[in-house]
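Below: the structure, in structure tokens.
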Amino acid sequence: MALIGDKEYFKGIGEIKFEGKDSDNPLAYKWYNPEQVVAGKKMSEHFKFAIAYWHTFCGQGADPFGPGTQNFEWDRPSDPVEAAKAKADAAFEFITKMGVDYFCFHDFDLIQEADTFVESEKRLATIVEYIKGKQAESGVKLLWGTANCFSNPRYMNGASTNPDFNVLARAGGQIKLALDATMELNGENYVFWGGREGYMSLLNTDIKRELDHMGKFLGMARDYARSQGFKGNFFIEPKPMEPMKHQYDFDSATVVGFLNEYGLQDDFKLNLEFNHATLANHTMQHEMEVAAAHGMLGSLDANRGDYQNGWDTDQFPNNITEVTEAMLTFLKAGGLQGGGINFDAKIRRNSTDLDDVFHAHIGGMDTFARALVTADKIITSSPYEEMRAKRYSSFDSGKGKDFEDGKLSFKDLYDIAHENGELELQSGKQELFENIISQYI
Ligand code: XUL
Ligand code: CO
């Protein structure tokens, strides 16, 4: 097993193994078997699970009503470089014990941002070098990197959409360093989540100008990374609101339109998050279908919201029906384009034991594994695909096919309507479709 530094942070917990669904061991996978082949690929290859550095190693359970409750040992050193190294040791111990292959980070998850840009750059270089060593030792890979251009007060009016050019330039400087760190750590992708790219009030906002700035900025970031040899994907992560009242990257459809408008469609794809989909009044399956329809289903942030409120609660996924529906789209799209499944999820504020974070990820990974197996069975053994195709069968031959092939004029439609007279209703069979999902779970 790979390596634990001098200090063991998660004492008494060993490697998490697959034991099958009849196991009573809470620290074992019941469904996630990395070696199991589903739809022609190992589960580990389908998913490329990743641990989110920010929630799992930086979050301490603070909320607007009180401070953190999770005072973990790696958070205690007061020197920022020592603290960052302790956090990296804990992170790589956890990721290795989980048997997960990937992690994801924001620049200042890795190390605390300093008071000056120059000092922050130095700190980042130090911790990137250290993490490179941890990666070499453990084999853990970087799914994607990103920059936190939303927490520091300088970004309160946005980063690339800030009305002050000097803030935009500062974001450019910061993102250059985050791209460099991602490349240095062999990151497979790079994510842009528009943290505060949006507005609080339209009275003081010029939407057109801000969108033009963001489009230009993203193109410049892409050109820089490509010039340095970065071959991975760039992902935009849609979210409709929070922290801003309105975020520009509202949902899949909005982002697809934006990417096409600004000539970014060949390099950028989407990183979709469950809780962001529900905030946009969509299902995750809807968001994924829209992205897949445009060849832009890049990566997923796994979590769930809460039926009783409208916040980004980032809970661990456990809704088997919701994830099964998502996995149907996932399999039909042929998987993700370059990305993986990153647990952008946090344990609750009153989950204060070291093993809670293991239970959380085990549950999430098992939910995806079970959903994948179920979705594959639905596709291969149930009448689902045939029923769906049958709804469109009138386009497979005759005049319907002529229409799809562009052989009909609008006047032809008129003539066909005339000839057909009144039509019989065709049922959508929604309840039957829903029953098939439940039956196979
Ligand atoms: C915020 C969110 C971010 C991004 C990365 O809602 O999802 O953590 O995933 O910046
Ligand atoms: Co996210």
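The values are calculated or read from the model by the stated rules, or taken from the named source; none is laboratory data. Quantities reported herein were computed from a predicted structural model and do not represent experimental measurements. Using ideal geometry, Cβ is built from the backbone for each residue, glycine included, and neighbour counts are taken over all protein chains shown.
Figure legend. Inter-residue proximity from region 367-394: first residues free of Cβ contacts under 8 Å to residues at least 40 places away in the same chain, second residues assigned to a helix (DSSP H, G or I), beta-carbon distance below 7 Å, spacing 6+ or different chains. Indicated pairs: 385/379; 394/400. When the test is whether a residue is touching a residue at least 40 places away in the same chain (Cβ under 8 Å), away from ligand 1 (no atom under 16 Å from the Cβ) and either crowded, with 20+ Cβ neighbours inside 10 Å or in a strand (DSSP E or B) (or both), residue 131 passes it.
Look at (1) in contact with a strand residue (DSSP E or B) (Cβ under 9 Å, 6 or more places away or on another chain); (2) surrounded by fewer than 18 Cβ atoms within 10 Å (Cβ to Cβ); (3) outside any loop (DSSP other than H, G, I, E, B) and you find that residue 224 fails only one, number (1). When the residues of region 288-319 are filtered to those that are surrounded by 17 or more Cβ atoms within 10 Å (Cβ to Cβ), of a type outside the set (Asp, Glu) and part of a helix (DSSP H, G or I), the one that is farthest from ligand 1 (Cβ to nearest atom) is 292.
So, residue 68, is that one assigned by TED's automatic domain parsing to the domain that holds residue 111 and on the phi > 0 side of the Ramachandran plot or not? Spell out how you get there, then give the answer.
Numbers: assigned by TED's automatic domain parsing to the domain that holds residue 111: yes; on the phi > 0 side of the Ramachandran plot: no.
The answer is no for residue 68.
Can you tell me which residue within region 232-281, out of those that are farther than 23 Å from residue 309 by Cα and assigned to a loop (DSSP other than H, G, I, E, B), is farthest from ligand 2 (Cβ to nearest atom)?
263
If you go through region 232-252 one residue at a time, do you hit one that is surrounded by fewer than 20 Cβ atoms within 10 Å (Cβ to Cβ), without any contact (Cβ under 8 Å) to a residue 60 or more places away in the chain and more than 23 Å from residue 312 (Cβ to Cβ)? No. In region 326-361, what count of residues is obtained for those that are assigned to a loop (DSSP other than H, G, I, E, B), more than 16 Å from ligand 1 (Cβ to nearest atom) and of a type in the set (A, V, I, L, M)? Matching residues across region 326-361 total 2.
When residue 145 is tested against (1) within 30 Å of residue 212 (Cα to Cα); (2) in a helix (DSSP H, G or I); (3) among the small types (Gly, Ala, Ser), only condition (2) is not met. Scanning region 15-69 for residues that are loosely packed, with under 11 Cβ neighbours inside 10 Å, modelled with pLDDT of 95 or more and not in a loop (DSSP other than H, G, I, E, B) returns a single hit, 66.
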